[in-house]
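See structure below.
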Amino acid sequence: MIDIKLQDISRIYETPSGPVTAVDGANLAIEPGEFFFLLGPSGCGKTTLLRIVAGLVTPSAGLVFFGGQDVTELGVEHRGTAMVFQNYALWPHMTVRQNVEFGPRMQGLDRATRRRLAQENLSLVEMSGMEARKPNQLSGGQQQRVALARALAARPRCLLLDEPLSNLDARLRLHMRGELRRLVKSSGATGIYVTHDQKEALSMADRMAVMNAGRIVQVGGPEEVYNRPASRFVADFLGEANFIDGRVIGGGRVETPAATLMILPENGPPPGANVTCCVRPERIGIFPAAAAPRDPSAASVPAVVENHTYLGELRQYACRLAGTVWKVSVLADRGAAIPPGTPVVLRVAPRDVAVLVGD
């Protein structure tokens, strides 16, 4: 368990067409034992940043600290990290036990200690009894567990995971989220996990850094980043979002082409500021206009239902208002669907409006 600090980290690659900046001035402070996520679209620099932490890539500028020690020039074998790769990177000619013993063997541990560590960690990932199998005799989920056991058996101070669930089917991926978080947290290692999957990050992370075009654009806990995105990019990337431009008119209100929205005063910029309001689909109430109850504590936005989609547990409406279309998600068992063409009132509470200034 160790704290990790990245200070002004950049990585520039020279290409035939000119320099390409993969990471641009990244600053991060990760607490000991924290399960920290690097989240962003493909090509945003998150894997490059993870490899810089591991020592597999040297930064073009900046410093890496482990527990206050500058490890920027320290080799990968001296950092006390272990990595779980996207393709698991198991040795195909080795058995499961031999794969898991690999790290302890490289550390010079005796045979009995290697065997003990292998058995403990295979038991931890529920792979006892598979010791004699080769990787090609395992399912994708089993290979992922072995790769994790191999990393944990090396007793790392920092565990690095590069999209380890991406090769699993959707059902197994969902099951493994909770399991993987439990295993990482119980190991005591500081964990850094790279993903482009928003659901993984929201359900597993203690905190996360959202990246875009090589830059870290927001850092925070899952609920904070989801409910209070710092920019339109973050709001749009981290789940579905509705947007409408407006101008702050004071008194906790924003005037928009559709209606006057109410916001929490402490979240609002000064009167006269041009802003974009963001509202998540599941935070909106929808009522037929003819039967909408009064609610002075929330904004009432007139709209018309264009269509609706049944999604199993949810029904999602597309509602037209003031030249744009908002998505509204409600539980599917709450009455019959509102037919297309029906005038409706959308109710939005102040706490559910995130105010974005710029991007």
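Listed values, structure above:
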item	result
Per-region count, the range 112-158, residues among the β-branched types (Val, Ile, Thr) and part of a helix (DSSP H, G or I)	2
Odd one out for residue 240, checked against (1) in a helix (DSSP H, G or I); (2) in contact (Cβ under 8 Å) with a residue 24 or more places away in the chain; (3) of a type in the set (D, E, K, R)	(1)
Residues (at pLDDT below 85, surrounded by fewer than 18 Cβ atoms within 10 Å (Cβ to Cβ) and farther than 13 Å from residue 89 by Cα) located in the range 142-173	166, 168, 169, 170, 171, 172
Residue in the range 195-228 that is surrounded by the most Cβ atoms within 10 Å (Cβ to Cβ), counting only those that are polar (S, T, N, Q) and over 19 Å from residue 280 (Cβ atoms)	195
Flag for residue 65 being surrounded by fewer than 17 Cβ atoms within 10 Å (Cβ to Cβ), touching a strand residue (DSSP E or B) at 6+ places or on another chain (Cβ under 9 Å) and modelled with pLDDT under 90	no
Residue 157 out of contact with any helix residue (DSSP H, G or I) (no Cβ under 7 Å at 6 or more places or on another chain), closer than 20 Å to residue 36 by Cα and basic (Lys, Arg)	yes
Subset of the range 159-190 (residues that are at negative phi and outside any helix (DSSP H, G or I))	159, 160, 161, 162, 164, 165, 166, 167, 168, 169, 189, 190
Some residue of the range 318-329 being over 27 Å from residue 233 (Cα atoms) and either surrounded by fewer than 19 Cβ atoms within 10 Å (Cβ to Cβ) or free of Cβ contacts under 8 Å to residues at least 24 places away in the same chain (or both)	no
Spans of strands (runs of 3 or more DSSP E) in the range 1-98 with at least 2 residues closer than 28 Å to residue 186 by Cα and of a type in the set (Val, Ile, Thr)	81-84
Contacts under 7 angstrom Cβ, first residue in the range 20-46 being closer than 12 Å to residue 210 by Cβ, partner among the hydroxyl-bearing types (Ser, Thr, Tyr), 6 or more apart	37/193; 37/195; 39/195
Number of the condition not met by residue 276 [criteria: (1) part of a strand (DSSP E or B); (2) among the hydroxyl-bearing types (Ser, Thr, Tyr); (3) surrounded by fewer than 17 Cβ atoms within 10 Å (Cβ to Cβ)]	(3)
Count of residues meeting criterion [part of a loop (DSSP other than H, G, I, E, B) and either of a type outside the set (S, T, N, Q) or modelled with pLDDT under 95 (or both)] in the range 251-273	13
Condition met for residue 276 (over 16 Å from residue 328 (Cα atoms), polar (S, T, N, Q), in contact with a Phe, Trp or Tyr (Cβ under 9 Å, 6 or more places away or on another chain) and modelled with pLDDT of 90 or more)	yes
Considering residues of the range 88-122 that are over 12 Å from residue 154 (Cα atoms) and within 28 Å of the chain's Cα centre (by Cα) only, the residue surrounded by the fewest Cβ atoms within 10 Å (Cβ to Cβ)	89
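The values are calculated or read from the model by the stated rules, or taken from the named source; none is laboratory data. This structure is a prediction, so every number in the text was calculated from the model and none was measured. Note: ideal-geometry Cβ built from the backbone for every residue, glycine included; neighbour counts use all protein chains shown.
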